[in-house]
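Colleague: Let me begin by handing over the structure; questions about it come next.
The values are calculated or read from the model by the stated rules, or taken from the named source; none is laboratory data. All values reported here derive from a predicted model rather than from experimental measurement. FYI the Cβ positions are ideal-geometry reconstructions off the backbone, even for glycines, and counts take in every protein chain you see. For the accessible areas, the whole protein counts, side chains as well, though only heavy atoms, and no ligand, DNA or RNA atoms are used. Shrake-Rupley method; radii C 1.70, N 1.55, O 1.52, S 1.80 Å.
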Amino acid sequence: KDVVSRMIAGEYTAKQAYQAFNAQLLADDTDTAETVLTSDKEYSNVFHADGGNASFSVMANTLRGVYDSDVLIAAANSFTGSVLAADYTEKQAASMIMPNGLMAYQRTMTGAELKETLRAFVEGCEGGFVPFNRGSLPVVSGIALEVKEENGSYTLTGITRNGQPLGDNDTVTVTCLATEKQMEALLASESGTSLDGDTWVKNTWRDYVSGGGAALAEPENYMTLR
């Protein structure tokens, strides 16, 4: 039901829908494995113009802490479904990350470099992914975005950090979550900024939850769409 509704809304391609459906089937598989993560609250993955996607914000905020980063940017196809109020086994928790070869790229940027990188994620870049509806816009943590929607296209109009406009000379540690193909297009574009190192997000997330004491962060209003 969740996957079909997102296909109808245009948030999933056929391939993404298959991957999400498979991940949720695995998550629903009953087993007796040990609980590694408990969520006391449930968060919807429905996008809202005055805040963004609460479920994806939970994941982005949690991973920003895992990667010890000032800012995290995640492509829209980084996470699966809603966050449930439930006890998660390691296999179920792992299925919260899309099985699409998601990688993590990290480096320190100036505010000006971060603005160009965010613009490429929001507005798209040549040869890469171009957001085609609200649900395909990126998810961010540590900053808030203002985006203008017009005739099916999106324009980044503002960025704030800690409630203040992001300055060009600010220095921030940035982690980007995207598939290798998405990052190749981003780095090849004029908006792209070289990022040092890469790791499989699924492996990092699995290590985090299996280590004991894993906890989910609260969601934030990370985007205003006008």
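Colleague: Evaluate the charge dipole of the chain about its Cα centre and quote only its size in Debye, nearest 20, assuming +1 on the Cβ of each Lys and Arg and -1 on the Cβ of each Asp and Glu.
Modeller: Using Cβ point charges on Lys, Arg, Asp and Glu, the chain gives about 340 debye.
Colleague: Please identify the longest segment of the chain free of exposed GluC sites (Glu not before Pro), where exposed means a DSSP state other than H, G, I, E or B and no more than 12 other Cβ atoms within 10 Å.
Modeller: 43-125
Colleague: Here's another thing I want to ask about it. Can you bin every Cα-Cα distance in the chain into 10 Å intervals starting at zero and give me the percent of pairs per bin, rounded to whole numbers?
Modeller: In order of increasing distance, the bins hold 8, 35, 39, 16, 2, 0 percent.
Colleague: At 1.306 mPa s and 10 °C, plugging the Kirkwood radius over alpha-carbon pairs of region 101-156 into Stokes-Einstein gives what diffusion coefficient in µm²/s?
Modeller: After rounding, the answer is 128 µm²/s.
Colleague: Could you give the accessible area per residue of the chain, probe 1.4 Å, as a whole number in Å²?
Modeller: It amounts to 48 Å² per residue over the chain.
Colleague: With each run of n ≥ 4 DSSP H residues scored as -39500 (n - 2.57), what mean residue ellipticity at 222 nm is computed for the chain after dividing by its residue count and rounding to the nearest 500 deg cm²/dmol?
Modeller: It comes out at -9500 deg cm²/dmol, rounded to the nearest 500.
Colleague: Also: Taking the chain as a Gaussian network, Cα atoms linked when under 10 Å apart, which of Phe56, Phe129, Phe79 shows the biggest mean-square fluctuation?
Modeller: So, out of Phe56, Phe129, Phe79, the one fluctuating most is Phe129.
Colleague: For the chain, give the percent of accessible area contributed by carbon and sulfur heavy atoms, probe 1.4 Å, rounded to a whole number.
Modeller: 48 percent
Colleague: Among Pro131, Pro99, Pro165, which one shows the highest mean-square fluctuation when the chain is modelled as a Gaussian network with alpha-carbon springs under 10 Å?
Modeller: Result for the chain, Cα springs under 10 Å: Pro165 fluctuates most.
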